[in-house]
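**Student:** This is the structure I want to talk about, given as structure tokens.
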Amino acid sequence: MKQIITLFSFLFLLTSCSNDNNSNQSDVSFSTVVQKDLSPSDQKPIAETKVVITDAQAWNAFITKISVVNEESKYFIDTNIDFTKFQIIAVIDQKYLNGGHTIDITKIAENKNKIYVKVEKLHTGNIATVLTQPYHIVKIAKSSKEVIFL
């Protein structure tokens, strides 16, 4: 009987001492700069990527990189980012042989050390035969915290 009580006490201690990092998280507000599809180039392919951009030089280089085929920045809601107040989070999906795919930043949350970006694929395509590469770019308040993509 003593062993059973000891076992249950030990199990109780293990379950009550769990470290739930999500309990200290708060949502981070973000605004979409653009969400659409690239028309990828076979000559200058753009790799699937998840990136945080914290300065104007990196932002301009990123815009140049994604504008190989079309001038993508003409679709942006905001191109003049004040990098003293904001930073950019961008995700570019893989190439697809058909349209209708999306890559979506659906939630951003933070705790005292990190920012967590939830990336989902809400639409999975097969609408038309066309080479596409979905991307989503958002703006959040400037932070020195590490960004983790989920």
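**Student:** Which ones in the range 92-104 are surrounded by fewer than 17 Cβ atoms within 10 Å (Cβ to Cβ) and either among the hydrophobic types (A, V, I, L, M, F, W, C) or not in a loop (DSSP other than H, G, I, E, B) (or both)? Spell out how you get there, then give the answer.
**Tutor:** First, pick out the residues of the range 92-104 that are surrounded by fewer than 17 Cβ atoms within 10 Å (Cβ to Cβ): 94, 97-100.
Passing the criteria: Leu97, Asn98.
**Student:** Still on this structure, I have one more. Only one of (1) farther than 21 Å from Thr54 by Cα; (2) surrounded by 14 or more Cβ atoms within 10 Å (Cβ to Cβ); (3) in contact with an Asp or Glu (Cβ under 7 Å, 6 or more places away or on another chain) fails for Ala109. Which number is that?
**Tutor:** (1)
**Student:** Would the range 51-73 turn up any residue that is basic (Lys, Arg) and not in a helix (DSSP H, G or I)?
**Tutor:** First, pick out the residues of the range 51-73 that are basic (Lys, Arg): 65.
Still in the list and also not in a helix (DSSP H, G or I): none.
No, the range 51-73 has no match at all.
**Student:** Among the residues of the range 117-150 satisfying the criterion of being small (Gly, Ala, Ser) and touching a Phe, Trp or Tyr at 6+ places or on another chain (Cβ under 9 Å), which is surrounded by the most Cβ atoms within 10 Å (Cβ to Cβ)?
**Tutor:** First pass over the range 117-150, keeping only residues small (Gly, Ala, Ser): 125, 128, 141, 143-144.
Checking which are touching a Phe, Trp or Tyr at 6+ places or on another chain (Cβ under 9 Å) leaves us with 125, 141.
On the way: Gly125: 16, Ala141: 12.
The qualifying residue surrounded by the most Cβ atoms within 10 Å (Cβ to Cβ) is Gly125.
**Student:** If you take the residues in the range 49-71 that are charged (D, E, K, R) and modelled with pLDDT of 95 or more, which one is nearest to Ile92 (Cα to Cα)? Give the derivation first.
**Tutor:** Let us first name the residues in the range 49-71 that are charged (D, E, K, R), namely 50, 55, 65, 71.
In the following step, the residues that additionally are modelled with pLDDT of 95 or more were identified as 50, 55.
On the way: Lys50: 6, Asp55: 19 Å.
Out of the qualifying residues, it is Lys50.
**Student:** Just wondering, is there one or more residues in the range 103-117 that are modelled with pLDDT of 95 or more and over 22 Å from Lys145 (Cα atoms)?
**Tutor:** Yes, some residue in the range 103-117 is modelled with pLDDT of 95 or more and over 22 Å from Lys145 (Cα atoms).
The values are calculated or read from the model by the stated rules, or taken from the named source; none is laboratory data. In this text the structure is predicted, and so the values were computed from the model without any measurement. For neighbour counting, all protein chains shown are included, and Cβ atoms are generated from backbone atoms with ideal geometry for every residue, glycine included.
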